[in-house]
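Data block below; observations after.
Laboratory data are not the source of any read-out in this text; all were calculated from the coordinates shown. Please read all numbers here as calculations on a predicted model, not as lab measurements. Heads up, the Cβs are rebuilt from the backbone with ideal geometry, glycines too, and the neighbour counts pull from every protein chain shown.
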Amino acid sequence: MTTTTHYDTLESRSPEQREAALMAALPQQLAHAQARTAAFASILTGVDAQAINSRTALAHLPVTRKHELLERQLAERDAGGANTFGGFSALTYGAGMPQVFASPGTIYEPGGTRKDYWRIARAMYAAGFRPGQLIHNSFSYHFVPAGSMMETGAHALGCTVFPGGTGQTEQQVQAMAELQPAGYVGTPSFLKIIVEKAAEMKVALPSVTRALVSGEAFPPSLRDWLGAHGITGYQCYASADLGLIAYETEAREGLVLDEGVIVEIVRPGTGDPVAEGEVGELVVTTLNPDYPLIRFGTGDLSAVLPGSCPTGRTNARIKGWMGRADQTIKVRGMFVHPGQVATIARRFPEVLKARLVVSGEMANDSMLFRVEATSPPAGLEQRISEAIRDVTKLRGTVELVTPGSLPNDGKVIEDARSYQ
């Protein structure tokens, strides 16, 4: 760190310096991806990497979306060959890849050895964490990389981590009370549950005054609720594939883009950049040499804000998460996609049509699985409920409706949550 207000000097360099550095790094990353990964050797066939040195040139390259990662990985598995993560990873099993993670689908992702592999330390610093502090990490350490993402960021910042993981709320409260961490990282809804449990147990948590949250929506109502309980919460936008994409600052005016990615906003369903301020899909090119995703479509909607952050950080800002470009959504930190709805419905021959409705507010998501069924047998709701938990790893209630009563609009997932 070279300043007290910013993580490093990259955050305050001029926009022109930043753009020049990113566009100088872009051709090298493209050439590396072509040479080291089978997927981009194919996707970028015939592309002269050295000619892709501007955003205009970058916009002519194809967008790769998450379903393509899954399709290539499934094809690779069916072929029975060595796992190369669908041909997108420049790493292979061994010392250079200490861990492998899974996302719903199932999509597998490599973990690397570089310090702060997912670049989370920058977001932690902006949230107020400093070297020498203890951080209570309540992201999952199992299957998904969320826990490791935060832990490696904290270690890079010079912090100690308590790996709380998920669940066991009373034990989480006890650990916080006894270890006195400076703050919390995890989903905002779980932090609310912990604070409520602490009140129920009549246990004070005076040391927990800050939080970096991610994995789900962080509405102003929940931010204010935490503030009323003495916790200043900031959010960051990150993914298993890309690492940190953007992070909130004390100005609370959008999310500042990370220094290690090139972000475009494109018209959903295309790769065409939209005008500044227009809502579109976030497409990200990462400079990570181990997993060099080029023009990766996140499926998330956002827009670029005008001007720069009042904190002196000069990178562009986005409004934050504004919904999904497709019907895939996050529920309590987990992705739920239309394919999972179809998988559940296919298990029951009585089901004609299904629609998942996600509702709630202040991060208290609830799932209602509405099902059209013919002559439903006794116990069908319970069996479907068990299938929901099996497929999505989330709980949901089931409502049986008469055939023809669900809307004929092509939707299988409806996001009816309040984000106010």
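Just a few scattered comments:
- Amide H contacts of Asp116 (H built 1.01 Å from N, under 5 Å, at least 5 apart or other chain): Ala156
- The eigenvalues of the Cα gyration tensor, multiplied by 5 and square-rooted, give the range 1-81 an equivalent ellipsoid with semi-axes of 32, 18, 11 Å from largest to smallest.
- Top of Tyr234, Tyr108, Tyr93 by mean-square fluctuation, Gaussian network on the chain, Cα under 10 Å: Tyr93
- Arranged from fewest to most other beta-carbon atoms within 10 Å of their beta carbon, Glu276, Glu109, Glu68 become Glu276, Glu68, Glu109.
- Each pair of Cα atoms in the range 334-415 enters the Kirkwood radius, and Stokes-Einstein at 25 °C and 0.890 mPa s then converts it into a translational diffusion coefficient of 191 µm²/s.
- Stretching the chain fully between Val203 and Ala20 yields a gain of 60.6 nm (0.36 nm per residue, less the alpha carbon separation).
- In this structure, Ala79 and Gln180 have a Cβ-Cβ separation that, at R0 = 45 Å, corresponds to a calculated FRET efficiency of about 0.30.
- This ranking places Lys192, Lys115, Lys197 by how few other beta-carbon atoms lie within 10 Å of each, fewest first, which gives Lys115, Lys197, Lys192.
- Cross-link partners of Lys319 among lysines (Cα-Cα below 25 Å; sequence separation of 8 or more within a chain): Lys66, Lys192, Lys330
- In order along the range 256-271, the phi-based Karplus estimate (6.51 cos²θ - 1.76 cosθ + 1.60, θ = phi - 60°) of 3J(HN,Hα) comes to 7, 5, 5, 7, x, 9, 10, 10, 10, 10, 10, 5, x, x, 10, x Hz; Gly and Pro are listed as x.
- Relative contact order [Cα under 8 Å, 6+ residues apart], the chain, whole percent: 13 percent
- Packing rank of 261-268, 13-20, where each peptide gets the mean count of other beta carbons within 10 Å, highest leading: 261-268, 13-20
- Global dimensions of the range 234-316 from alpha-carbon coordinates: Rg and Dmax equal 12.5, 35 Å.
- 3J(HN,Hα) along the range 323-336: x, 10, 6, 10, 8, 5, 9, 9, 10, 6, x, 10, 6, 10 Hz, from the Karplus curve 6.51 cos²θ - 1.76 cosθ + 1.60 with θ = phi - 60°, whole Hz, x for Gly and Pro.
- The range 87-217: relative contact order as a whole-number percent, Cα under 8 Å and 6+ apart: 22 percent
- A simple count of charges around Arg389, restricted to other residues whose Cβ falls under 12 Å of its Cβ and scoring Lys, Arg +1 and Asp, Glu -1, yields +1.
- Charge tally in the Cβ shell below 14 Å around Lys319, where Lys, Arg are +1 and Asp, Glu are -1, Lys319 excluded: -4
- Amide H within-cut-off set for Glu109, under 5 Å, with H built and near neighbours excluded: Phe101, Ala102, Ser103
- Other residues within the sphere of radius under 13 Å centred on the Cβ of Val266, judged by their own Cβ, net out at -2 (K and R +1, D and E -1).
- Exposure proxy ranking, count of Cβ atoms within 10 Å, fewest first, for Ser385, Ser359: Ser359, Ser385
- Mean ellipticity per residue at 222 nm, deg cm²/dmol - from DSSP H runs of n ≥ 4 across the chain, formula -39500 (n - 2.57): -8500 deg cm²/dmol
- Every Cα-Cα pair of the range 105-179 was included, and the share exceeding 21 Å stands at 30 percent.
- The radius of gyration of the Cα set in the chain, together with its Dmax, comes out at 22.0, 69 angstrom.
- Volume per residue of the C-alpha convex hull in the range 41-155, rounded to whole Å³: 159 Å³
- Taking the range 334-415 and dividing mean pair separation by its residue count, relative contact order in percent (alpha carbons under 8 Å, at least six apart): 35 percent
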